[in-house]
1. Hey, could you check the stretch 241-255 for residues that are in contact with a strand residue (DSSP E or B) (Cβ under 7 Å, 6 or more places away or on another chain) and not small (Gly, Ala, Ser) and say which is farthest from Phe169 (Cα to Cα)?
2. Name the residue, out of Gly74, Gly92, Gly86, Gly58, that is buried (at least 18 other Cβ atoms within 10 Å of the Cβ) and assigned to a loop (DSSP other than H, G, I, E, B).
3. Can you give me the number of residues within the stretch 188-215 that are more than 14 Å from Ile245 (Cα to Cα) and modelled with pLDDT of 80 or more?
4. Pairs under 7 Å by beta carbon, first residue more than 23 Å from Val102 (Cβ to Cβ) in the stretch 37-49, partner outside any loop (DSSP other than H, G, I, E, B) and open to solvent by 30 Å² or more (accessible area, probe 1.4 Å), six or more apart or different chains?
5. Could you tell me which residue of the stretch 95-108 is least open to solvent (accessible area, probe 1.4 Å), considering only residues that are of a type outside the set (Gly, Ala, Ser) and assigned to a strand (DSSP E or B)?
6. On the basis of being open to solvent by 10 Å² or more (accessible area, probe 1.4 Å), in contact (Cβ under 8 Å) with a residue 40 or more places away in the chain and touching a strand residue (DSSP E or B) at 6+ places or on another chain (Cβ under 6 Å), does Trp140 make the cut?
Amino acid sequence: MRQLWIHLVSIHLGLAAVPGIAVAASGTVSFEFTGFSGPMARSSEADAADPSKWGSKGLVNGALPVANGWVSNGSTGPLASGYVMGTRQLSGASASFYYDWVDPTSAGANVISFTPASFSNVALGQSFVLGTLSYQNGFWYGAGETALYNTPVELGFRIQTISNDGPAFNRTLVGALRNVIHQVPNDAGFLPANYEAEADWVYLYGAGVSLSMGAFRVFDNCCKPAGASNVGSVQILGRFNSLDIDAFGAVEGGGFVTAGVAPIPEPGSWAMLLTGLGLVGFAARCRKRKAA
């Protein structure tokens, strides 16, 4: 056993002595939102192409996105409506989206921002803090008549690590943040027993993002316990593999983490999911026939 220990120590020292191969690294993190995609106004399907008939408009970082479609919110009958969809290119580490009649400096604005961290003496595979994600939960579109019709906001992002300790620690991860505005049916979210259920979702996805990290949620501006805030923050933890995001860390303010649960996809995602499952089943049947 002693000989094995000495052998492992020798390997570690040998790697540390090889130029260009670092066993741990220090550096900084940079972050940027790259684009917005999601609901930007409320209207009927017939009025989706006429901004003068929209019930309200939404501004993203102070400007109206470019409209590119319409989705139903699940309502029916003479008052059936939905959301005009839009896109906008972004830059910087903060994104705000709010109704055009809302003061953007007030608690009525939705604001999502990321504050990058620095890292020191972090080894490959070791968990460390990439930065802190903050969410102010104000007013925005997207809630459906049922959760099945929730239409999320998607914010593309790029996160990079910068280090002088070799290419293994200079990595880039491109992914998306999804913000789901949730509404408890029949306005029951105003009841104290449903404050947590009314809280909106934020979760991350993309190559390199763990599917098991769950969602970060923040109490709604209109529906929160006495003394609670509609602003919350959470640490984002990662590892150097290539670069992975694998967990939420410490939470502050009016937020909480729902572990291991992802929000229900919007209707378009259900269709894609069902199609995908059908193809998987078809491929499995083909393999069975081949094996037979």
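The values are calculated or read from the model by the stated rules, or taken from the named source; none is laboratory data. Just so we're clear, the structure is a prediction, and the values are computed from it rather than from any experiment. Quick reminder, even Gly has a Cβ in these numbers, built from the backbone with ideal geometry, and neighbours come from all protein chains shown. SASA here: full protein model, heavy atoms, side chains in, ligands and nucleic acids out. Shrake-Rupley method; radii C 1.70, N 1.55, O 1.52, S 1.80 Å.
1. Of the residues in the stretch 241-255, the ones in contact with a strand residue (DSSP E or B) (Cβ under 7 Å, 6 or more places away or on another chain) are 243-255.
Remaining after also requiring not small (Gly, Ala, Ser): 243-246, 248, 251-252.
On the way: Leu243: 8, Asp244: 12, Ile245: 14, Asp246: 17, Phe248: 21, Val251: 26, Glu252: 29 Å.
Filtering the stretch 241-255 for residues that are in contact with a strand residue (DSSP E or B) (Cβ under 7 Å, 6 or more places away or on another chain) and not small (Gly, Ala, Ser), the one farthest from Phe169 (Cα to Cα) comes out as Glu252.
2. Numbers: Gly92 fails: buried (at least 18 other Cβ atoms within 10 Å of the Cβ); Gly86 fails: assigned to a loop (DSSP other than H, G, I, E, B); Gly58 fails: assigned to a loop (DSSP other than H, G, I, E, B).
Selected residue: Gly74, the only one of Gly74, Gly92, Gly86, Gly58 that is buried (at least 18 other Cβ atoms within 10 Å of the Cβ) and assigned to a loop (DSSP other than H, G, I, E, B).
3. Step one: filter the stretch 188-215 for residues more than 14 Å from Ile245 (Cα to Cα), giving 188-202.
Right, trim to modelled with pLDDT of 80 or more and you get 195-202.
Counting residues in the stretch 188-215 that are more than 14 Å from Ile245 (Cα to Cα) and modelled with pLDDT of 80 or more gives 8.
4. Glu45/Trp70
5. Our first condition is that a residue be of a type outside the set (Gly, Ala, Ser); within the stretch 95-108, this holds for 97-105.
Next cut, assigned to a strand (DSSP E or B) only: 97-99.
Values: Phe97: 0, Tyr98: 21, Tyr99: 38 Å².
Among those residues, the one meeting the criterion is Phe97.
6. Numbers: open to solvent by 10 Å² or more (accessible area, probe 1.4 Å): yes; in contact (Cβ under 8 Å) with a residue 40 or more places away in the chain: yes; touching a strand residue (DSSP E or B) at 6+ places or on another chain (Cβ under 6 Å): yes.
Yes: the conditions hold for Trp140.
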